[in-house]
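Okay, so here's the structure we're looking at.
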Amino acid sequence: MPNQLFIITGPSGVGKTTVGTEILKQMPNLQKVVTYTTRKPRPNEHDGVDYNFISVEEFLNRRSGGDFFEHAENYGNFYGNSRNDLEKIWADGKIVMMIVDVKGAKTIRNFFPQSKTIFISPDSADNLAKRIRQRPMSDEAFTDRWAEVSEELAYADLCDFNVVNGEGELGQTVAAVKIYIEQNS
């Protein structure tokens, strides 16, 4: 099936990126669209792998030039995904994977209704709060992220597949997502 697209989404801190990274290691026919962002890298993040880290000026130039088919501002930083990057992956005969927040997933699904959405759910609110707290951020930033969690969780019912990423159960989560992708590609 040509031009396949799988979107991994879920609330902040649920483990979307970790699950997606493991899937990419196991499925060489998939390739991730690397999101552009103006935020600073977190420890252990690498430019061009986790995100394309760019300046606000470069982001705004790309956006005004029409390079991004999807873009948003979250927590004071810009994020965007390049149509050229997406189309290059398809031209190479690969299946596209995108790892984005819920807002991004909704927008991408509008552009690409054939896409399949995979929602990663937390096993509990307490564990999700702990995961978010592990990130370097102020109390105010935590409060802002936490305020969006219930709305983000509600999106799970609209996704094609929902899996719980339980504490200490990454292997099971990855296996379930891999099976879903294999059965739908």
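No value in this document is a laboratory result; all are computed from the given coordinates. As the structure is a computational prediction, the values presented were derived from the model and not from experiment. Note: ideal-geometry Cβ built from the backbone for every residue, glycine included; neighbour counts use all protein chains shown.
In table form, for the structure just shown:
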read-out: By average C-beta atoms within 10 angstrom, highest first, the peptides 65-75, 16-26; value: 16-26, 65-75
read-out: Under 11 Å, Cβ to Cβ, from F69 - net charge with Lys/Arg +1 and Asp/Glu -1; value: -2
read-out: Antiparallel bridges, percent of DSSP beta bridges restricted to the chain (to nearest 5); value: 30
read-out: Projected label distance in nm at K25 and S150, using a 7 Å step from Cα toward the beta-carbon; value: 3.7
read-out: Cβ-placed point charges (K, R +1; D, E -1), dipole of the stretch 5-183 about Cα centre in debye, nearest 20; value: 320
read-out: Cβ crowding within 10 Å averaged over residues, with 7-14, 100-107 ranked highest first; value: 7-14, 100-107
read-out: Reduced Cα scattering model of the chain, Debye log10 I(q)/I(0), q = 0.12, 0.16 Å⁻¹; value: -0.56, -1.04
read-out: The chain: relative contact order in percent, alpha carbon pairs under 8 Å with at least 6 residues between; value: 33
read-out: Calculated [θ] (222 nm, deg cm²/dmol) that DSSP helices of n ≥ 4 give over the chain, each run adding -39,500 (n - 2.57); value: -13000 deg cm²/dmol
read-out: Computed lengthening from D92 to K40, 0.36 nm per intervening residue step minus Cα-Cα distance; value: 15.7 nm
read-out: Theoretical gain in end-to-end length, T17 to A129 [0.36 nm per residue, Cα-Cα removed]; value: 38.6 nm
read-out: Inter-part distance where the stretch 1-24 and the stretch 132-167 are each reduced to a Cα centre, Å; value: 15
read-out: Summed side-chain charge close to T37 - residues other than T37 whose Cβ falls under 15 Å, Lys, Arg +1, Asp, Glu -1; value: -1
read-out: Of K40/K94; K40/K103; K130/K178; K25/K106, pairs whose Cα-Cα distance is over 24 Å; value: K40/K94; K130/K178; K25/K106
read-out: Cβ-defined net charge surrounding E148, 12 Å radius [Lys, Arg +1; Asp, Glu -1]; value: -2
